[in-house]
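Heads up: the structure comes next, in structure tokens.
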């Protein structure tokens with residue numbers, strides 16, 4: 001689980017932040033007024049903010065809803081709302097991902113989820129077979145249960 005760091009800001013409020021898998025630090029400054037600020041810190045200096053977005057309470061709640069996939073209705077234009085328990089996700093393979101085929105990774109056997117497409121530098125390959133190579137920078141489209149997709153993401157280091 002990601003460790004969230006909490007820092008009291010006397011006279012301002014509270015800052016909660018965490019390090020992403022890619023090494024960036026992202027946080028939220030909650031002001032005593034209730035206003036929130038979404039912040040991204042400089043990698044070389046974790047005390048220096050490189051980007052900030054000021055959010056009114058209603059905007060912060062809307063952003064939280066967007067980030068919390070349990071609250072966003074996906075039934076419009078998506079398969080998740082049409083078939084209960086079915087989920088779909090696009091998983092971008094990270095830099096340094098060791099090239100391997102779908103079959104070598106045994107994705108279906110290990111997770112119960114199915115790779116339904118691979119999008120890479122050579123274009124899109126819908127319905128790839130077990131011999132389809134997966135390379136860093138490719139995006140793997142996966143269908144299955146939410147749990148199965150989470151397992152695929154972990155397996156792929158996403």
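The values are calculated or read from the model by the stated rules, or taken from the named source; none is laboratory data. Treat the numbers as computed from the prediction; the structure is a model and nothing was measured. As a convention, Cβ positions derive from the backbone with ideal geometry for all residues, glycine included, and neighbour counts pool all protein chains shown.
Observations on the model:
- Selection count where residues are under 20 Å from the mean Cα position of the chain (by Cα) and within 15 Å of residue 6 (Cα to Cα), scope segment 41-64: 1
- Subset of segment 90-117 [in contact (Cβ under 8 Å) with a residue 40 or more places away in the chain, within 22 Å of residue 22 (Cα to Cα) and in contact with a strand residue (DSSP E or B) (Cβ under 8 Å, 6 or more places away or on another chain)]: 90, 91, 92, 93, 97
- Counting only strands (runs of 3 or more DSSP E) that fall entirely inside segment 1-95 and contain at least 2 residues that are at pLDDT 85 or above and closer than 29 Å to residue 107 by Cβ, the qualifying elements are 13-19, 87-92.
- Complete set of residues in segment 118-135 that are in contact with a strand residue (DSSP E or B) (Cβ under 8 Å, 6 or more places away or on another chain) and under 15 Å from residue 105 (Cβ atoms): 118, 128, 130, 131, 132, 133, 134, 135
- Members of segment 105-141 found to be more than 13 Å from residue 152 (Cα to Cα) and either in contact with a helix residue (DSSP H, G or I) (Cβ under 6 Å, 6 or more places away or on another chain) or in a loop (DSSP other than H, G, I, E, B) (or both), listed by number: 121, 122, 127, 128, 129, 130, 131, 132, 135, 136, 137, 138
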